[in-house]
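See below for the structure under consideration.
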Amino acid sequence: MKDICLVINTFSSYSDLWPMFFDSLEKYFPSIKRYVFVDEGVPDEKSTTIYYDQTKTFRTQFLECIKQVPEEYCIFISEDYILYDDVRVDLLEKYKGILDENRKLTFIRLIKGIDFKEPKYKEHDDLYILNNLFPYFYSQSATIWRTRDLEKIFFHSDESCNFWGKAAKKNIETSFEWRATSVCQSLDMQGLFCYNGEDKRGIYHHDSIVFPHIATALVEGKWNLSEYEKELFPLLKKYKIDISIRGVYIL
């Protein structure tokens, strides 16, 4: 795919996910160029590895890495967004064309989240307008971004916010998603999401026929079998992963 790449942010402490994650990319999305941001190790020999300083905050780590990605558009995901079916490259190309046409749009999210009864975007039956006043307008969900706009969000974000984990969960206003949404509002960024009638999965999101993935395989560092037992359990068995080491997340 021209001018679109995959940006994967990961940590060496999550290396137990790398084999299943990168094998799924090779199987279901082999045509995409990919960059991996990591603290140490070589997650995947077919990807371009960009190292960050693990002593710095997530915001600075990512900002220093994304500056090295030249493609105009990127799909930003984590290592536990594991594909389980073919990516619809034809629809990604369509969405890229829409971003080309409307330079005011910053992103198109590839998965539907919480229901806000959003209006459709122009004549498109599969695209909806995401109001930047909604909570989590910025989201770590799989999304096609204008790479330089994504960089701009990190540049203007607070150094002190948390990425994930218990600290962010206890005080949601310190999370990067929460703070980044405010940045998007201040920059008057606009975005869309796609929805093709997919079933709801769990509490917060729907499945995606465009980018069919486990979202996410880990919750608070534990295996998300509550929402993705059918897709995830066979992978854990195939890659001989001892579930008891991380444990199982209970909703």
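Read-outs throughout are calculated quantities, based only on the coordinates presented, and are distinct from any laboratory measurement. These figures come from a predicted structure and were not determined experimentally. No Cβ is skipped: glycine too gets one built from the backbone with ideal geometry, and neighbour counts run over all protein chains shown.
Using a 10 Å cut-off around each Cβ, can you sort Thr57, Thr106 from fewest to most neighbouring Cβ atoms? Please report the intermediate quantities before stating the final value.
Details: Thr57 17, Thr106 26.
Placing the least packed residue first, the sequence is Thr57, Thr106.
Taking neighbour counts of Cβ atoms within 10 Å as a proxy for exposure, in what order, fewest first, do Cys5, Cys74 appear? Kindly include the intermediate steps, with their values, before the conclusion.
Working: Cys5 21, Cys74 27.
Fewest to most other Cβ atoms nearby, the residues stand as Cys5, Cys74.
Taking every pair of alpha-carbon atoms in region 22-115, give the share separated by more than 19 Å as a whole percent. Don't skip to the answer; put the middle values down first.
Details: 2274 of 4371 pairs.
For region 22-115, the share of Cα pairs beyond 19 Å comes to 52 percent.
From the residues Asn224, Ile50, Val89, which one has its Cα farthest along the dipole of the chain in the positive direction, the dipole being from +1 and -1 charges on Cβ of Lys/Arg and Asp/Glu about the Cα centre?
Looking along the dipole axis, the top candidate is Asn224.
Just the Kirkwood number for the chain, please: inverse of mean 1/r across all distinct Cα pairs, in Å, one decimal.
18.6
Could you give the size of the charge dipole of the chain about its Cα centre, using +1 on the Cβ of each K and R and -1 on the Cβ of each D and E, expressed in debye and rounded to the nearest 20?
Working: 33 positive and 40 negative charges, 61 e Å.
The dipole magnitude comes to about 300 debye.
Karplus couplings for region 232-247 from phi (6.51 cos²θ - 1.76 cosθ + 1.60, θ = phi - 60°), rounded to Hz, Gly and Pro as x?
Values, residue by residue: 8, 4, x, 5, 4, 6, 4, 8, 6, 9, 7, 4, 5, 5, 8, x Hz.
Viscosity 1.567 mPa s, temperature 4 °C: what is the translational diffusion coefficient of region 170-251 from Stokes-Einstein with a Kirkwood Rh over Cα pairs, rounded to a whole number of µm²/s?
The Stokes-Einstein estimate is 85 µm²/s.
Zone of Asp3 (label point 7 Å along Cα→Cβ, backbone N under 18 Å): which residues in region 183-199?
Zone members listed by number: 192.
Can you pull the one-decimal nm distance between simple spin-label points at Gln54 and Asp90, each 7 Å off the Cα toward Cβ?
4.4
How do Leu83, Leu91 rank when sorted from fewest to most other Cβ atoms within 10 Å of their own Cβ?
Leu91, Leu83
List the residues whose amide H sits under 5 Å from the amide H of Arg34, counting only those 5 or more places along or on another chain, with H placed 1.01 Å from N in the peptide plane.
The list, which skips near neighbours in sequence, is Leu6, Thr48.
Evaluate the relative contact order of region 4-222 (contact order divided by residue number), counting alpha-carbon pairs under 8 angstrom at least 6 apart; express in whole percent.
26
Among Ser31, Pro119, Leu236, whose Cα sits farthest toward the positive end of the charge dipole of the chain (+1 at Cβ of Lys/Arg, -1 at Cβ of Asp/Glu, about the Cα centre)?
Value computed over the given set: Pro119.
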